[in-house]
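The values are calculated or read from the model by the stated rules, or taken from the named source; none is laboratory data. On a predicted model such as this, the values are computed, not experimentally measured, just so you know. The accessibility values were calculated without ligands, DNA or RNA, using every heavy atom of the protein model including side chains. Shrake-Rupley method; radii C 1.70, N 1.55, O 1.52, S 1.80 Å.
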Amino acid sequence: KAVASLVLANAFERNSTLMILNLSGNPCGKRGGEALVTAVRRYQLPDRFLRIDLTNADLDIEAISLDHSGTLFNPTCPHGNYCLDMSTPYAQMVTRELYRLASTNQS
């Protein structure tokens, strides 16, 4: 599912050993692709080169919302109400990102 790309992008923050991620041929969706590119820019360091292979990935599809409100999380515009099922990796990622934004005053 396309929302998995959002979860993977968020995982770059906590996973310092991942260097290459091959998502070729996967349905990443527009927002998932944007999140992955942003994660590479945000977490790439001089001693850590991150590479994502998006060859033939479907970046045109729209991800399906996994929360009950029908809202898909957008980290560049996080305002809104979310009803999250914390048993899913997507909801856990949204919660972590909202906390990060709130604690760094980026919201």
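A few notes on this one:
- Our estimate of slack between Asn74 and Thr38, defined as 0.36 nm per intervening residue step minus the Cα-Cα distance, is 11.7 nm.
- Cut-off under 5 Å, modelled amide H: who pairs with Leu21 long-range: Arg51, Ile52, Asp53
- Ligands, DNA and RNA aside, Asp47 has an accessible area near 130 Å² when probed at 1.4 Å.
- Carbon-plus-sulfur accessible fraction, the chain (probe radius 1.4 Å, protein heavy atoms only): 54%.
- The residues of the chain have, on average, 62 Å² of accessible surface per residue, using a 1.4 Å probe with all protein chains present.
- Computed from phi, the 3J(HN,Hα) profile of region 40-45 under the Karplus parametrisation 6.51, -1.76, 1.60 (θ = phi - 60°) reads 4, 5, 6, 9, 6, 10 Hz, with x in place of Gly and Pro.
- Residue-level accessible surface for Glu13, protein heavy atoms, 1.4 Å, Å²: 90
- Calculated from the structure at hand, Rg/Rh (Cα atoms, Kirkwood Rh) is found among [x] 0.96; [y] 1.15; [z] 1.03 as [x].
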